[in-house]
Protein chains: 2
Amino acid sequence: MSKNALRRWTTDSPRVLVDSPWMRLRAERCVTQRGAVLDPFYLLDYPEWVHVAAFDEEDRLLLVRQYRHGARQISLELPGGMMDPSENDPLVTGARELLEETGHVATTLAHLARLSPNPSSHTNGVHILLATGARPRRELDLDATEDIVVAPTPWREAVEMAIAGEMIHAQHVGLLFIALARAKGLKFGRTGE
Amino acid sequence: MSKNALRRWTTDSPRVLVDSPWMRLRAERCVTQRGAVLDPFYLLDYPEWVHVAAFDEEDRLLLVRQYRHGARQISLELPGGMMDPSENDPLVTGARELLEETGHVATTLAHLARLSPNPSSHTNGVHILLATGARPRRELDLDATEDIVVAPTPWREAVEMAIAGEMIHAQHVGLLFIALARAKGLKFGRTGE
């Protein structure tokens, strides 16, 4: 089968199983291109997510630590969060989340890419922004449900932790490497090849 | 607040909302360390997922293309899938999935890391394996619901696509970079810094 032979599925019988402000679970009856039936096929609708790889004036990455209940672990992550319904631009969300979660304001803020948290199940996108020259502006402004510790981390240390599997959020590892490649260049090879 | 001040949430009132062989959705009432109540807090239980960064004898990465219904796009990904209930070792799952989805058998297969697809919502882990010397063994053995095109890709091209946001599965981008760092070394800096 060639690349161009891949086709979308056809769907019917949509139903909403869970509807909350943070997540909606839907099911559909899906028929694949070879005629296989998937019923129910579950789909997760979330708002768009926006995360920021923010470098401060000492070239440290502003990471955040927080308890994550799915993994039941403290997780070291990029700051960020959901786009509010009133926000149409990921840059607005990213600047807001950076300020709320780290207390910092960036000098430059650029949109790098929109990926998917999981293209099989998730209909939303996850955006990565690159921020430079981040300066402390004020205390954190956390939701009542957020307990966050800001962790300014020399970026080469962050790379080492990511490669070692110590940053457990696989999506954030991917987003971080996209931002690092853009901000710092990226080369492979142990002997300068 | 210091890093050591982060605490797990307490939970009660667990209930199962959806239960299928592929996914279970649960809800709990959660109380954060500052006493904020999250009810319902949704949790997704999946089996463990295992993905393989497999290099063939020409040092190409064996990637796979398939239609992904959440994103409604063709997605370029690492081969892999769910651990079967009968499998206790991610290496067994990885070797099986590599053979089923690419028709290849590896000379070496190593477990690199276990991350989380999303530590906030997902209780399962996602494993990354590194395979080398992969050789074609047989035709693909796809589930009836899978339509997959194998895409052997020079690994430097895969890096360029990942950095450009053309590999949309954010988790797989993270897993791929962990594997590339291990297999090929990884350096930053545009001018040999």
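Observations on the structure shown:
- Residues that are of a type in the set (D, E, K, R) and either crowded, with 18+ Cβ neighbours inside 10 Å or part of a strand (DSSP E or B) (or both), drawn from segment A:13-41: A:ARG15, A:ASP19, A:ARG24, A:ARG26, A:GLU28, A:ARG29, A:ASP39
- So A:ALA53, is it in a loop (DSSP other than H, G, I, E, B) and buried (at least 21 other Cβ atoms within 10 Å of the Cβ): no
- Residue match in segment B:42-50 (condition: within 11 Å of another protein chain (Cβ to nearest Cβ), in contact with an Asp or Glu (Cβ under 7 Å, 6 or more places away or on another chain) and assigned to a strand (DSSP E or B)): yes
- Residue among A:ASP89, A:ASP84, A:ASP59 that alone is under 19 Å from A:ALA181 (Cα atoms), surrounded by fewer than 21 Cβ atoms within 10 Å (Cβ to Cβ) and either of a type in the set (A, V, I, L, M, F, W, C) or in the same structural domain as A:HIS169 (by TED's automatic domain parsing) (or both): A:ASP59
- Lone qualifier among B:LEU112, B:LEU62 - being within 14 Å of chain A (Cβ to nearest Cβ), touching a helix residue (DSSP H, G or I) at 6+ places or on another chain (Cβ under 8 Å) and over 27 Å from B:LEU25 (Cβ atoms): B:LEU112
- All positions within segment A:134-177 that are among the basic types (Lys, Arg) and either under 22 Å from B:HIS122 (Cβ atoms) or more than 9 Å from chain B (Cβ to nearest Cβ) (or both): A:ARG135, A:ARG137, A:ARG138
- For segment A:3-12, taking the residues that are at pLDDT below 90 and loosely packed, with under 12 Cβ neighbours inside 10 Å, the one that is farthest from the other protein chains (Cβ to nearest Cβ) is identified as A:ASN4.
- The residues of segment B:16-39 that are more than 7 Å from every other protein chain (Cβ to nearest Cβ) and touching a residue at least 24 places away in the same chain (Cβ under 8 Å), listed by number, are B:TRP22, B:ASP39.
- Sole residue being of a type outside the set (Ser, Thr, Tyr), touching a residue at least 12 places away in the same chain (Cβ under 8 Å), assigned to a helix (DSSP H, G or I) and in the same structural domain as A:LEU63 (by TED's automatic domain parsing), chosen from A:ALA179, A:ALA131, A:ALA151: A:ALA179
- Flag for A:GLU77 being away from chain B (no Cβ under 13 Å) and of a type in the set (Asp, Glu): no
- B:ASN118 meets the stated requirement of being part of a loop (DSSP other than H, G, I, E, B), polar (S, T, N, Q) and surrounded by 15 or more Cβ atoms within 10 Å (Cβ to Cβ).
The values are calculated or read from the model by the stated rules, or taken from the named source; none is laboratory data. Here the structure is a predicted model, which is why all the values come from computation and not from measurement. Here the Cβ is made from the backbone with ideal geometry for all residues, glycine too, and neighbour counts use every protein chain on show.
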